[in-house]
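**Q** Before I ask anything, let me first share the structure, which is written out below as structure tokens.
What follows is calculated from the coordinates using simple rules that are stated; it is not laboratory data. All values reported here derive from a predicted model rather than from experimental measurement. For neighbour counting, all protein chains shown are included, and Cβ atoms are generated from backbone atoms with ideal geometry for every residue, glycine included.
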Amino acid sequence: MSLRPDLALIATRIAPGTRVLDVGCGDGALLASLCDAKGVDARGMEIDAALVAECVARGLSVVQGDAERDLANYPDGAFDYAVLGQTLQTAQRPDLLLGELMRVGRTAFVSFPNFAHWRTRAALLWSGRMPVTRALPVSWYETRNIHHVTVADFEALARAMGIAIRHRWFFSGDKTLGGPGANWRSEFALFELGR
């Protein structure tokens, strides 16, 4: 199973034999890859019961839970890495979720669709309607996205919370982009964070 571009990049950054928590792990693709290739102690949390069942059937250690409530059950620094892959924008309080992610993980990876991408801006400008794009493939009434975060917004939030941005990557489709103009050029972004 091939990994989404942000997850593939995360997999290259995680050291062998470490403890990893993937919050909003979906079908467990990243967890399976890390277990097979790097021998990590990989755990997952997913809100969708059907996806949890799929992960467990594949032998992955995944629990059903709501990250905004259930991360509080994990001790400080319980994981070397905490991953939040394209889930931040679905949270009621992204700031509180980010704080919990940083509390349980020594290093965190956060990716999200960039709502300031030029296609999104153009769709709003020309049609006056919420966009449906390659990165945002469903209509506004079907989406799980409730907070429309941009690269600039996320960087400002990290600064305000005292979170260090160690690395950042920007993507258009499957391609990695350079940093200049990332707030309008990237469809989604990935950040490596620390304290």
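**Q** Sort out which residues of the stretch 90-113 are under 15 Å from L136 (Cα atoms) and crowded, with 21+ Cβ neighbours inside 10 Å, and write them in order of number.
**A** S111, F112, P113 - these are the residues of the stretch 90-113 that are under 15 Å from L136 (Cα atoms) and crowded, with 21+ Cβ neighbours inside 10 Å.
**Q** Step by step: first the residues of the stretch 56-73, then only those that are in contact with a Gly (Cβ under 9 Å, 6 or more places away or on another chain) and part of a loop (DSSP other than H, G, I, E, B), then the one that is nearest to C35 (Cα to Cα). Which residue is that?
**A** Only one residue fits best here, namely L60.
**Q** Separate question: Touching a strand residue (DSSP E or B) at 6+ places or on another chain (Cβ under 7 Å) and farther than 23 Å from T90 by Cβ: does that describe D41?
**A** On the way: touching a strand residue (DSSP E or B) at 6+ places or on another chain (Cβ under 7 Å): yes; farther than 23 Å from T90 by Cβ: yes.
Considered against the rule, which asks whether it is touching a strand residue (DSSP E or B) at 6+ places or on another chain (Cβ under 7 Å) and farther than 23 Å from T90 by Cβ, D41 comes out as yes.
**Q** Take M130 and decide whether it is in contact with a helix residue (DSSP H, G or I) (Cβ under 9 Å, 6 or more places away or on another chain) and of a type in the set (A, V, I, L, M).
**A** Details: in contact with a helix residue (DSSP H, G or I) (Cβ under 9 Å, 6 or more places away or on another chain): yes; of a type in the set (A, V, I, L, M): yes.
Against the criterion (in contact with a helix residue (DSSP H, G or I) (Cβ under 9 Å, 6 or more places away or on another chain) and of a type in the set (A, V, I, L, M)), M130 qualifies.
**Q** Can you tell which of D76, D70 is under 18 Å from G24 (Cβ atoms) and either surrounded by 12 or more Cβ atoms within 10 Å (Cβ to Cβ) or over 15 Å from the mean Cα position of the chain (by Cα) (or both)?
**A** Going through D76, D70 in turn, just one is under 18 Å from G24 (Cβ atoms) and either surrounded by 12 or more Cβ atoms within 10 Å (Cβ to Cβ) or over 15 Å from the mean Cα position of the chain (by Cα) (or both): D70.
**Q** So, one more: What residue, among those in the stretch 138-153 that are among the polar types (S, T, N, Q) and within 13 Å of P113 (Cα to Cα), is surrounded by the fewest Cβ atoms within 10 Å (Cβ to Cβ)?
**A** T143
**Q** Residue by residue through the stretch 147-170, note down the ones that are charged (D, E, K, R) and more than 14 Å from the chain's Cα centre (by Cα). Before you say what the answer is, go through the steps one by one.
**A** Taking the stretch 147-170 as the starting set, the residues that turn out to be charged (D, E, K, R) are 153, 155, 159, 166, 168.
Hits for the stretch 147-170 are D153, E155, R159, R166.
Results for (1) at negative phi; (2) assigned to a loop (DSSP other than H, G, I, E, B); (3) β-branched (V, I, T), shown as yes or no for each residue.
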site: D95; (1), (2), (3): yes, no, no
site: T107; (1), (2), (3): yes, no, yes
site: I146; (1), (2), (3): yes, yes, yes
site: A156; (1), (2), (3): yes, no, no
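**Q** Here's a follow-up. I'm trying to understand the selection: among the residues of the stretch 167-195, which are exposed (fewer than 15 other Cβ atoms within 10 Å of the Cβ) and part of a strand (DSSP E or B)?
**A** Across the stretch 167-195, the qualifying residues are H167, K175, T176, G194.
**Q** Specify which of the listed residues (A156, A164, A135) is hydrophobic (A, V, I, L, M, F, W, C), out of contact with any strand residue (DSSP E or B) (no Cβ under 6 Å at 6 or more places or on another chain) and either surrounded by fewer than 18 Cβ atoms within 10 Å (Cβ to Cβ) or touching a residue at least 24 places away in the same chain (Cβ under 8 Å) (or both).
**A** Numbers: A164 fails: out of contact with any strand residue (DSSP E or B) (no Cβ under 6 Å at 6 or more places or on another chain); A135 fails: out of contact with any strand residue (DSSP E or B) (no Cβ under 6 Å at 6 or more places or on another chain).
Of the residues listed, the single one that is hydrophobic (A, V, I, L, M, F, W, C), out of contact with any strand residue (DSSP E or B) (no Cβ under 6 Å at 6 or more places or on another chain) and either surrounded by fewer than 18 Cβ atoms within 10 Å (Cβ to Cβ) or touching a residue at least 24 places away in the same chain (Cβ under 8 Å) (or both) is A156.
**Q** Which of (1) without any contact (Cβ under 8 Å) to a residue 24 or more places away in the chain; (2) closer than 22 Å to L98 by Cα; (3) not small (G, A, S) does L34 not meet, given it meets every other one?
**A** Answer for L34: the failing condition is (2).
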